[in-house]
Each structure stands twice: as structure tokens, then as C-alpha cells.
1. For Val10, what residues show an amide H to amide H distance below 5 Å, using hydrogens built from the backbone and excluding near sequence neighbours?
2. How many angstrom lie between the C-alpha centres of the range 67-123 and the range 434-475?
3. What does the extension gain come out to for Lys3 and Gln184, with contour length at 0.36 nm per residue minus their alpha carbon separation?
4. Can you give me the orientation-averaged projected area of the convex hull built on the Cα atoms of the range 201-353, in nm²?
5. How much net charge surrounds Arg92 when only the other residues with a Cβ under 14 Å from the Cβ of Arg92 are counted, with Lys and Arg +1 and Asp and Glu -1?
6. Over all Cα pairs of the range 369-428, how is the pair count split among 10 Å bins, expressed in % and running from 0 up to the last occupied bin?
7. Rounded if a/c is under 1.5, else prolate if a/b beats b/c, else oblate: with a ≥ b ≥ c from the C-alpha gyration tensor eigenvalues square-rooted, which is the range 327-479?
8. What is the count of Lys pairs in the range 293-410 whose alpha carbons sit under 22 Å apart, if the two are 8 or more places apart or on different chains?
Amino acid sequence: MDKLTNFDLVLFGATGDLAMRKLLPGLYQAHAAGLLHPEGRILGVSRSAFDRAAFVEKVEKDSKIHIKQNLDGQTWTSFVARIDYLSLDVTRAQDFAALAEKVKARPQTDNVVVYLSTAPKFFAAACRSLAEVGLNGENVRLVLEKPLGTDLASNRAINRDVAQYFQENRIYRIDHYLGKESLQNLLPLRFANPFFEPVWHRDCIRSVQITIAEELGVEERGEFYDATGALRDMVQNHMMQMLCFVAMERPKSLSADDVRDEKLKVVQALRIMDQAEVGRKVVRGQYTAAAGKKGYIEEPRVAADSQTETYVAIEAAVDNPRWSGVPFYLRTGKRMAAKTAEIVVNFKADSDGLFGKTPARIAISLQPQEEIRVKLWVKETGSGLNAVPAEMVLNLADSLPGRRADAYELLLCEVIAGRLNLFNRRDELEAAWAWVMPILDNWAASDVLPHGYPAGSWGPEAARALLAANGDAWAEEQE
Ligand code: BG6
């Protein structure tokens, strides 16, 4: 294990939902596993006029319940001893002097991690004030929580504002999908096993499907979600990461920038759609009441005439020599039939029809199971040479020893250690927004309602038709 670095983690938005549900539980797990420097400190910052004791009480009440493993009294007490709190208004520059004082009171700190888990409209003011009190030096790392904007222009504005005070190599843009082991696993899978490379190509692959389906609806997040929709919430970020890892070329090295350079090339190779193509290749859906579940527009804090999509399916094209002509089908939705995040690579059928079967495929599943399933054709037992499908399953959690860390825990440890590999660079995010923009523009200008789909189903009929037009079918409908 690398030497642990002594750190001060300054957590803006410390009383917020993400901090309570994910960040503090993630830090607790890292603490319990001995992955944090014994003197490392967590400094919660928010506007709430708490003192340390009141903040700790809130953490006890609202965060502890999200800790599912390794919870014991003594470990909890030693974790809480790391926590301090400062009440600060991010829009009041004068409040930052007290922050600087607290941080600088611990000169033994190797690095300071400033995590902005706040609305992005506060990023610029926070960065300016941090710089004014000298908290943007060489040893300060800045973590930016999504959403990083709502379109290309706002994303660029955030990046530009932040860049005035922090160098790019000290900015950690979070996408928690990059913290999922089975997504990262695609790199060794593809590039350490020599038999993958020759077939990972348009000559052998017919299509790639990427699905993130959720059973939950919008729950308590109606207000945020209604202004956001599935395209911004999931496609532009999480699905794009999955696509990059499947489609990227072999990086020169595993350094952060070599890997990120290759991801950027994939995003830049995505064909930008014109308005007619958006009409043909993008399906937006919205769930309707079914199976005892409310429809989207009946959810709390959602407009009764909302056109926000809770589902989107896209036939994307990656215009480069490896992928030209291979459709990448992306889909994500709330209130679908199952919770799953999965990549399915469908191979071409044997070209001479010797066995005349539907193609083999590889499914790489991120959740609910972390597994790789390879569908192969094998000889049916008995006489003759009839081929039947069989599946080879590698369950990563069962096969590999060790605890599987939650994505946020893993990413927090990466920031503290100063490894940028699992964080997004500015150019990649801007390219991803550029690709999404024609879709957003098309929907904004259209008065066509999203396709309805019953809660608990696999999405609208139009998404099935999208693939059927190419003679393809979504994974759950394949043989
Ligand atoms: C978040 C989205 O980024 O990802 C949520 O804002 C979504 O709407 C969540 O539910 C899905 O993450 P996971 O890890 O549960 O697949």
C-alpha cells in the first residue's frame, strides 16, 4: 500500500444529502479499513449555524444509518474524533479567513482536499474566496461534484471560472461511475488479455448496448429531476464513461493523462447529430402509472404538464476506424423493470453460416452483480453437431478476495492520494456536452411529448422499434 498522506478534507455542503448518504459513510469505511492517515481530519463546512457538537449529532442521526458494514462503537468514536465543523456562508468572502486559520493551524498536513458538494452556482465564489485566503496552493486539491452545468455553455463557464484559481491538474471532477470496480476492470480486461484486442473491432462486433436501468422513481428529488431529466442526469456523464471504457484505444500508459487522452478521443469521435437524426435516433420516455406505482407527473414537486424525460434511448455512432458502422445503443430510465448497469457487446454471426446461429455476446455487468458473462455456442450433448448456447460467468466479487469499496469511498481515497485517473478532465466533459447539445436543443424546440411507458417496464415501445429497425433487439429480448 502507498504511504498514507496526512490530509485536511474540507467538505462544503457538509449537512447536505450527499454528504450524509455517501461521503461521510464512505469516509467511515475508509477509516474502518485503515485507509486514512491516523491524523487526517474532516472539516465539515456549511451555512448551518452549528457548532462541532451539533454537527456531530447530525452525523450520528442522518449519516450513521447509511453505514451498512463494519459499524462498531469504538471505530465510530475514533472516526468522529476526526470531525470538526465550521459555519461558513460560501458567498461571504470574509467567512473564509476563519477557514484558512483552521486549516493553517495544522501545518503537518500533506494536502488539503476541498470538496465542493454544493450547487455549481457557488463554485466560482468559493474558488475566488479560497484563493484570497491562500487555499489554492500546490497542496490543495479541489473536488467538484456534479452536475457541472446544465448545458455546454454553463459547463464551459464553470470550468473557466474555476480555472482562474486552480490549475487543471489539481481539479478532481467527480463521476461516481468511475469509482465502480467493474467499470475500471474494463481496462485490464481489454488490454491485458491479448485475445480481446483482435475481436474488439467493427470486423467482429455487430453492436454495443449500454444500459443503466433503475427500479426507483424520482423519490424525493422531483424538483431537481424535473429541471434535469435523464439525458443530463445519466447520459452525459455516467453512460459516457461506460462508453469511453468500452470504446477507447489502448492508452500509451496508465497515467491519468494518457488514459484521459484516449477517453477524450472517443467522445470527440461521437457523431454529432443533426436535428433530423435526433428525431430518428433518440427516444425519450416518461413513466406512467402502473403496477401500483405513480406516474412521473403525479410525483411530488413535478409539474403536472412536465415533458421531462425519465427515460432516454439513443443510437450513437463512433466515427473512427475501430467502430465505424457499429451502433452503440444507450438507454437509461427510472422505474424500469430491474436495477441494472450493464454493457453488452454483441458479436457478428459466423459469416459463412456454418452453424447458422445468432451471435455470441459478452455482458459486462456493473450492478446488481459485478460479473462478466460470456455467451458461447457449444455442441449440444448427444449425436450430431447442433450448437446450443451456454454461459460462462465470472463473478468478480466472488472470485477476487477483499472488500469491495463503495464508489464514493474509493474516489475519496484517490483524491487524498492525489491520483487523477478516475476524474474527468475539462476537455472531455466539454466534448460530452457538445455531443448532447443537439438533443437538448431538439427537445427544447419541440412540443412532442415523451413516449409513455408503464412504471416497471423496460421502456417505451419506440425504443424497441429503434433497434428493430436495424434488425437488433435489447439484451433482455435476445435469445
Ligand atoms: C446519480 C443520479 O448520479 O446516479 C441519480 O443523479 C441516479 O438519479 C444515480 O439514481 C445512479 O447511481 P447508481 O450508482 O445507483 O447506479
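1. Under 5 Å from the amide H of Val10 lie the amide H atoms of Leu43, Val113, Val114, Tyr115, each far enough along the sequence or on another chain.
2. Between the Cα centre of the range 67-123 and that of the range 434-475, the gap is 42 Å.
3. Length difference between fully extended and current span is 62.9 nm.
4. Working: hull surface 47.4 nm².
The number I arrive at for the range 201-353 is 11.9 nm².
5. -1
6. Reading upward from the zero bin: 17, 24, 24, 17, 11, 6, 0.
7. Oblate shape, in that a/c is at least 1.5 and b/c is the bigger or equal ratio.
8. Lysine pair count for the range 293-410: 10.
The values are calculated or read from the model by the stated rules, or taken from the named source; none is laboratory data. A quick note: this is a predicted structure, and the numbers were derived from the prediction, not measured. With ideal geometry, Cβ positions are generated from the backbone for all residues, glycine too; neighbour counts draw on all protein chains shown. Note: areas computed on protein heavy atoms with side chains; ligands, DNA, RNA excluded. Shrake-Rupley method; radii C 1.70, N 1.55, O 1.52, S 1.80 Å.
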